[in-house]
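Report on the structure given below.
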Amino acid sequence: MTDPDTNTKLRIMIPLMSGGMLWQARSIVERLGPGYEYLFVTAPEDMPAVQHHMPNRELHVVPLPSSSGLMTVGQKVTAVPRSFWHAARQIQRLRPHVILCVGTCLAIPLFLMGRLAGAKTIFVESLTRVTELSRTGWMVARLRLADRMYVQWPALAKGHPGVRYQGNVL
């Protein structure tokens with residue numbers, strides 16, 4: 001698909017984190033097909049796993065606080081502004097038309113910075129979230145950071161205005 005203004009392929013930025021969200025993001029990319037330019041971003045700690053599962057793909061790094069609990073509170077507090085700064089740099093450099101996140105905490109800085117740059121934002125809640133939104137999903141919905149937000153279980157969509165169920169991505 002092309003951008004009607006520039007007649008170039010639409011650039012879709014997709015954060016990739018290790019684990020199940022990586023598989024879900026890969027499934028979405030496979031379903032969308034080769035008609036887009038994909039811009040993959042990841043956190044430094046996820047780089048080895050993402051490189052293993054996405055060989056021959058260029059990856060861009062956006063540092064963010066570790067969710068593994070290995071960082072002290074002070075380290076997390078200083079890492080949050082850095083993650084927003086790095087997200088802004090990557091968005092300015094890569095100029096995505098769309099930012100598509102599958103359940104990753106990278107959605108928050110990327111969506112905030114991306115919206116300022118005019119990118120559309122799409123959030124897909126992880127398949128593992130059956131009865132309630134993740135913290136990231138809750139923040140995205142509550143702050144209305146996504147132009148579109150999808151869940152993968154019909155019951156989950158019923159409790160949240162503006163959240164859509166369109167089926168599973170796997």
Quiz item: If you go through segment 116-137, how many residues are of a type outside the set (Ser, Thr, Tyr) and farther than 26 Å from Arg11 by Cα?
Solution: 5
Quiz prompt | Selection count where residues are touching a Lys or Arg at 6+ places or on another chain (Cβ under 8 Å) and under 17 Å from Val29 (Cβ atoms), scope segment 82-119 | solution = 6
Quiz item: Within segment 109-119, restricting attention to residues that are surrounded by fewer than 22 Cβ atoms within 10 Å (Cβ to Cβ) and either of a type outside the set (Gly, Ala, Ser) or under 20 Å from Leu156 (Cα atoms) (or both), which residue is farthest from the chain's Cα centre (by Cα)?
Solution: Leu116
Quiz item: For Pro154, all conditions in the list (1) in contact with a Cys (Cβ under 8 Å, 6 or more places away or on another chain); (2) without any contact (Cβ under 8 Å) to a residue 12 or more places away in the chain hold save one; what is the number of the exception?
Solution: (1)
Quiz item: Going by the structure shown, is Gly69 modelled with pLDDT of 80 or more and small (Gly, Ala, Ser)?
Solution: no
Exercise. Read through the list (1) within 16 Å of the chain's Cα centre (by Cα); (2) farther than 29 Å from Gly167 by Cβ; (3) loosely packed, with under 15 Cβ neighbours inside 10 Å; (4) at pLDDT below 90, then give the number of the only condition that Gly20 fails.
Key: (2)
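Residues are listed down the side, and each one gets a yes or a no for (1) of a type outside the set (A, V, I, L, M, F, W, C); (2) out of contact with any strand residue (DSSP E or B) (no Cβ under 6 Å at 6 or more places or on another chain); (3) modelled with pLDDT of 80 or more:
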{"residue": "Glu37", "(1), (2), (3)": "yes, no, yes"}
{"residue": "His52", "(1), (2), (3)": "yes, yes, yes"}
{"residue": "Asn56", "(1), (2), (3)": "yes, yes, yes"}
{"residue": "Leu64", "(1), (2), (3)": "no, yes, no"}
{"residue": "Phe111", "(1), (2), (3)": "no, no, yes"}
Quiz item: So how many residues does segment 81-121 have that are within 24 Å of Trp23 (Cβ to Cβ), out of contact with any Leu (no Cβ under 6 Å at 6 or more places or on another chain) and part of a helix (DSSP H, G or I)?
Solution: 6
Quiz item: Only one of Thr136, Thr121, Thr128, Thr104 is more than 18 Å from Val62 (Cβ to Cβ), of a type in the set (Val, Ile, Thr) and in contact (Cβ under 8 Å) with a residue 24 or more places away in the chain; which?
Solution: Thr128
Self-check item: Count - residues of segment 6-41 that are in contact with a Lys or Arg (Cβ under 6 Å, 6 or more places away or on another chain) and acidic (Asp, Glu)
Solution: 1
Practice problem: Only residues that are of a type in the set (Val, Ile, Thr), surrounded by 19 or more Cβ atoms within 10 Å (Cβ to Cβ) and farther than 20 Å from Ser27 by Cα: list them for segment 120-156, please. | Solution: Thr136, Val140
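The values are calculated or read from the model by the stated rules, or taken from the named source; none is laboratory data. In this text the structure is predicted, and so the values were computed from the model without any measurement. With ideal geometry, Cβ positions are generated from the backbone for all residues, glycine too; neighbour counts draw on all protein chains shown.
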